[in-house]
Structure formats: structure tokens, C-alpha cells
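The values are calculated or read from the model by the stated rules, or taken from the named source; none is laboratory data. Because the structure is a prediction, the values reported are computed rather than measured. When we count neighbours, we look across all protein chains shown, and the Cβ atoms used for this are built from the backbone with ideal geometry, even at glycine. All accessible areas refer to the heavy atoms of the entire protein, side chains included, with ligands and DNA or RNA removed. Shrake-Rupley method; radii C 1.70, N 1.55, O 1.52, S 1.80 Å.
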Amino acid sequence: MTSVVALPVTSTRPTSEVTGPPVVFVHGFAANGASDWPADRWAAPLAEAGRAAVVVHLPGHVGGPAVASPDEVTTAHLLQRLAAGVAEAVGGGEVDLVGYSLGARLAWDLAAGKVLPVRRLVLGGLSPMEPFGAVDLDTARAAVQGGPRPADPLTGMITGMVSGEGQDPASLLNVVEGLAREPFDPAATAPEVPTLFLAGQGDPMSQGVEQVVARVAGAQLEHVPGDHFGALAGDEFRAAVFRFLEV
């Protein structure tokens, strides 16, 4: 039986008496833990409030391991590696879980499949659709090696995202292929824990998220200022997260 290789995490311990479970953060695609969850905005205030913070570093991204094959990053395999990284950091106890964009998709599956013992769940910038299956990977891989820019808008957008400064295009496109093999399917199973959805008022990627919210009993949906990238950086987003997690 192949052992599960835990994903790396950055863990911050409380600096005062513990007041609640650790808070686990999962970043978005072509982002990274430090850019999505800056320590001064998230881990530091949580530590002062008596909460540990665990920032997961996804494969193919800055801070995470390179990805040699899509087989390494199918959804099921990635969830197990993510859970192993969290368990190494904080043990097997209950956590609060916060994900943004791709991180929200993974957080949904972690909670719905009970891969992690989740107390409260925050899903920000979640797309109700599965985008990766529609990416023309042959064209994207040719483009990042100097070939023509993809004519398809989605493939072109993904190509641009993986080609940014400091990125590992080959690894990130392997992530796209691996996740596309097991598409996000909110109709299959849903989290059974208190859940907050957060969407930017100007975020086209979150359009239609109401149909996903309806699948989670008692879930809350809040809209905050900003587009897909601006919403996460806004004070309103952070305040909503802390309020929901009782920080």
C-alpha cells in the first residue's frame, strides 16, 4: 500500500489561551498560501485570539511540491495529502476550514467526504461550475513553451495564470489535468456542518453559487465588495470569516 505524502503547511500557534479549534486555510489556483492568506491579516490576529492557524501549500504552487504527473493530483489523492498535512500540524482533532476559489472546491470535498473533522466551513469565491475539464491542455502546454496563444478564452485564461512570474507552468497544468479527472460535483454530496459562502459582488466566477448554497442545509451566503481577487483582500471578507468562526 502506497503511503500518503503529506502536503507542507505553515502552522502558527496561539499566543494566548486557546479559545477554539485550529483554523485551516486552503489557497486558490495559481495563487499561494502567503498571497491569499497573509500572516499579518490572518494567522497573527488568530494567534492573539487563541486560535492556531494552518496554511496549506498545494502541489504545483509556490511553497508546495512540484507535480511530475497528473496522477499525483487527482482530487481524491490531493484530499488525502492535504488532510495528512493538517494532521501532522495539529493532530486529528476538529478544525475550522476556510478555502478560496480552488481552495473552496477542495474544502467542500474535505468536509462533505469527512476527510477532515470540520466544525465550521467557509467557502469563498466558489465557482458552481467545473472549469478544468474544458481546458485544452495540449494547446495550453504548447503555449507555455512558446507556441501560439490559445484562441479559446478559458484555455487562454488558464495559460496566462500558470505563466505568471514565479509559477511552475508544467506542474500547474498537471494539477489542472489531475483535478479534471474527478470534476467538482456539488450534487453528489454536500457538507453537513455549519457553512458560510462568501462571494464578491463583482465576481463573475461566483455567479450561480446560490444553487450550490441551496444544497447545504442551513448555509449562509454573504456578498462582499470586490471581484474575484479583490474580495479576498477586503476587510469585509475577513470580518465575515472571523465573525462566523467566533474569533
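At a glance:
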{"quantity": "Equivalent ellipsoid, the stretch 11-60 (semi-axes from 5 times Cα gyration tensor eigenvalues, Å)", "calculated": "22, 10, 7"}
{"quantity": "The chain - percent of accessible surface contributed by carbon and sulfur, probe 1.4 Å", "calculated": "54"}
{"quantity": "Relative contact order (%) - criterion: Cα under 8 Å, at least six apart; region: the stretch 126-168", "calculated": "33"}
{"quantity": "Gain in span if fully extended, Ala134 to Glu17, counting 0.36 nm per residue against the direct Cα distance", "calculated": "37.3 nm"}
{"quantity": "Principal semi-axes in Å for the chain [√(5λ), Cα gyration tensor, largest first]", "calculated": "28, 20, 18"}
{"quantity": "FRET efficiency for Ala142 and Glu48, using Cβ-Cβ distance with R0 set to 45 Å, rounded to 0.05", "calculated": "0.35"}
{"quantity": "Accessible surface, the stretch 125-247, averaged per residue in Å² (probe 1.4 Å)", "calculated": "49"}
{"quantity": "For the chain, calculated [θ]222 nm from helices alone, where every DSSP H run of n ≥ 4 adds -39500 (n - 2.57)", "calculated": "-9500 deg cm²/dmol"}
{"quantity": "Convex hull of Cα atoms in the stretch 61-115, direction-averaged projection (nm²)", "calculated": "4.1"}
{"quantity": "Kirkwood Rh in Å, taken over all unlike Cα pairs in the stretch 77-202", "calculated": "16.0"}
{"quantity": "Chain lengthening between Val62 and Ala233 when straightened (0.36 nm per residue, less Cα-Cα)", "calculated": "59.7 nm"}
{"quantity": "Beta bridge orientation in the stretch 8-167: antiparallel %, DSSP, nearest 5", "calculated": "25"}
{"quantity": "Mean accessible surface per residue for the stretch 1-108, computed with a 1.4 Å probe while every protein chain stays in place, in Å²", "calculated": "38"}
{"quantity": "Rg to Rh, two decimals, where the stretch 23-151 supplies the alpha carbon set and Rh follows Kirkwood", "calculated": "1.01"}
{"quantity": "Longest to shortest principal axis, alpha-carbon extents of the stretch 135-212, angstrom", "calculated": "46, 29, 24"}
{"quantity": "Debye intensity ratio I(q)/I(0), log10, the stretch 104-175, q values 0.12, 0.14, 0.26 Å⁻¹ (C-alpha model)", "calculated": "-0.44, -0.56, -1.10"}
{"quantity": "Length released on extending from Thr74 to Gln201, taking residue separation times 0.36 nm less the Cα-Cα span", "calculated": "42.6 nm"}
{"quantity": "Projected label distance in nm at Arg41 and Lys114, using a 7 Å step from Cα toward the beta-carbon", "calculated": "3.5"}
{"quantity": "Under 13 Å, Cβ to Cβ, from Met157 - net charge with Lys/Arg +1 and Asp/Glu -1", "calculated": "-1"}
